[in-house]
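To start, the structure under review is shown below, and the notes come after it.
What follows is calculated from the coordinates using simple rules that are stated; it is not laboratory data. Bear in mind that the values here come from a model prediction, so they are computed numbers and not experimental data. Glycine also receives a Cβ, built like all others from the backbone with ideal geometry; neighbour counts cover every protein chain displayed.
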C-alpha cells in the first residue's frame with residue numbers, strides 16, 4: 001500500500017473516529033467527574049445569552065488554537081442549547097473563527113504562513129493550487145476534519161476575496177455542521193435514533209467530500 005493511500009485511509013478513519021471519541025470523552029468525563037457541559041457552564045447562571053457569548057469566545061480562541069476540532073464545538077453547542085438556536089450559534093461561531101484567522105493570515109503575510117503550514121502537506125498543496133483552489137477549499141471544508149484555521153490563514157495571505165472565502169466556507173461546512181449539532185442535542189443517549197441518524201448523515205457527507213477530493217487529486 002502506498003504512503004499516500006495509507007494517509008488517506010487514516011484521514012477516512014478520523015471521519016468516523018472523531019465523533020466516537022467525543023462521545024466517549026463525554027461519557028467518561030460524566031462517569032469520573034459527574035460533570036456535563038451544562039455543569040461546566042453553570043457559572044453563567046443558566047443565562048443563555050451569556051452562555052452563547054462564551055461559546056463565541058471559544059470559537060474566537062479557536063482561530064489561533066488549531067488543536068480544537070471544530071466538530072467538538074458543534075457537538076458541545078448542540079448539547080448546551082435547543083437545536084434551532086444551537087445551529088445558528090454554531091454558524092455565528094464559525095463565521096467569527098473564519099474571519100479572525102483570515103485577517104490574521106492577511107496580517108502575517110505569505111512567508112510567515114508558509115512556516116506555519118510546513119508540517120501540513122495538504123494545506124501546502126492548497127496554497128500552491130491556484131487553478132483548483134475553490135474546488136479544493138470547498139472539499140476540505142466539507143470534510144470538517146482538515147485544519148480550519150490553517151486553511152483560513154492561507155486564504156487570508158493569498159489574495160482571496162473575503163466575502164467569497166466566507167461564503168464558500170460556510171456553504172461547504174453547513175451540511176456537516178447541522179447533523180453534528182443535532183448529535184449534541186442527544187449526546188446523553190448515543191444509541192438513540194436521534195443521535196445515530198444525524199451521525200449517519202454527517203458520515204456520508206464527510207466521506208463523500210473526501211472521495212471527491214481524492215478523485216480530483218488522483219494524479220497526485
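Given their separation in residues at 0.36 nm each and the Cα-Cα distance between them, residue 61 and residue 162 gain 34.4 nm when the chain is fully extended.
Of 51, 111, the sequence from fewest to most neighbouring Cβ atoms within 10 angstrom is 111, 51.
Annotation: the residues 115, 110, sorted from fewest to most other C-beta atoms within 10 Å of their own C-beta, follow the order 115, 110. By the gyration tensor of its Cα atoms, with a ≥ b ≥ c the square roots of the eigenvalues, what is the shape of the range 57-103: rounded for a/c under 1.5, prolate for a/b over b/c, or oblate? Oblate shape, in that a/c is at least 1.5 and b/c is the bigger or equal ratio. Each part reduced to its alpha carbon centroid, the range 141-189 and the range 195-209 end up 15 Å apart.
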